[in-house]
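This report concerns only the one structure given below.
The values are calculated or read from the model by the stated rules, or taken from the named source; none is laboratory data. None of these values were measured; they are calculated from a predicted model. Glycine gets a Cβ as well: all are built from the backbone with ideal geometry, and neighbour counts include every protein chain shown. Surface accessibility is based on the protein's heavy atoms, side chains included, excluding ligands, DNA and RNA. Shrake-Rupley method; radii C 1.70, N 1.55, O 1.52, S 1.80 Å.
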Amino acid sequence: MRKKRLENWLCLSGITSPIFYVLHDIIGGMYYPGYDRLSQAVSDLTAADAPSFVIATGLSTVYALFACMCCTLVCITVQDIGNKTLRLGIYLFALMNWISGIGYSLFPLSSSGYAGSFQDIVHVYIVTVLVVVLSIVSLISIMIGGFKDNRYRSLSVWAMFALLFMFTGAVGASIVPSRYFGLVERFSTYSAVTFVAVLGLYGFHYFAIIE
């Protein structure tokens with residue numbers, strides 16, 4: 001029987017976080033006249049000059065709050081559970097979410113697309129690069145660590161699918177026509193968002209104390 005502590009229950013915040021991400025995408029688009037999800041990136045909704053800036057930023061901030069809280073709590077629940085490689089992957093994924101939440105809030109795009117301002121440079125070449133690298137390294141680490149332990153092989157499979165969709169989005173964004181850029185870009189963003197929910201479920205159930 002698994003004994004659930006308070007931190008295990010609070011890990012369920014990870015299930016709530018994707019809801020606010022989807023709302024920021026849907027409702028943000030409603031407040032952005034002419035916004036085209038097929039061709040435009042999600043980050044266009046929170047650009048400083050976007051008509052959807054206030055509502056989209058508010059909802060994405062709530063998403064980031066729940067995502068960071070969930071990942072931090074999972075880091076707490078996973079102590080002394082699994083193996084070092086698995087735990088390292090989870091720690092790095094949590095770090096990625098903190099960098100994403102803080103970095104994108106402090107340095108939103110100055111305008112839809114890329115205008116070349118200082119905050120655009122930080123947004124694209126510092127925050128995004130760190131987020132992408134940490135996402136890849138963390139998911140690979142979780143995959144390796146999970147396959148080492150039969151109890152967490154299913155988590156490895158989730159990490160593998162998340163990584164596959166990330167690469168699909170990254171590669172697809174560079175080869176598909178520009179009119180479909182927003183569609184394939186969402187493969188990458190939503191894969192990370194979904195994996196937060198998966199970690200939340202594992203933090204709630206599989207990382208609980210076994211009595």
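Of all residues in the range 165-181, none satisfies being in contact with a strand residue (DSSP E or B) (Cβ under 8 Å, 6 or more places away or on another chain) and either closer than 28 Å to Leu65 by Cβ or assigned to a helix (DSSP H, G or I) (or both).
As a summary of the residue check, Phe207 satisfies the conditions (1) touching a residue at least 24 places away in the same chain (Cβ under 8 Å); (2) part of a helix (DSSP H, G or I) except for the one numbered (2). Scanning the range 24-61 for residues that are closer than 22 Å to Ser117 by Cα, aliphatic (A, V, I, L, M) and either open to solvent by 50 Å² or more (accessible area, probe 1.4 Å) or in contact (Cβ under 8 Å) with a residue 60 or more places away in the chain (or both) turns up Ala41, Val42, Ala47, Ala48, Ala50, Val54. The set of residues in the range 107-123 being in a helix (DSSP H, G or I) and more than 16 Å from the chain's Cα centre (by Cα) consists of Phe118, Gln119, Asp120, Ile121, Val122.
How about the range 48-64: which of its residues are more than 15 Å from the chain's Cα centre (by Cα), of a type in the set (Gly, Ala, Ser) and closer than 17 Å to Tyr21 by Cβ? Result: Ala50, Ser52, Ala56, Gly58.
Candidates Tyr21, Tyr35: the one that is over 19 Å from Leu73 (Cα atoms) and within 15 Å of the chain's Cα centre (by Cα) is Tyr21. In this structure, Ala192 does not satisfy being touching a Pro at 6+ places or on another chain (Cβ under 8 Å) and not aromatic (Phe, Trp, Tyr). Filtering Tyr21, Tyr91, Tyr104 for residues that are under 21 Å from Ile142 (Cβ atoms), part of a helix (DSSP H, G or I) and open to solvent by 40 Å² or more (accessible area, probe 1.4 Å) leaves a single hit, Tyr91.
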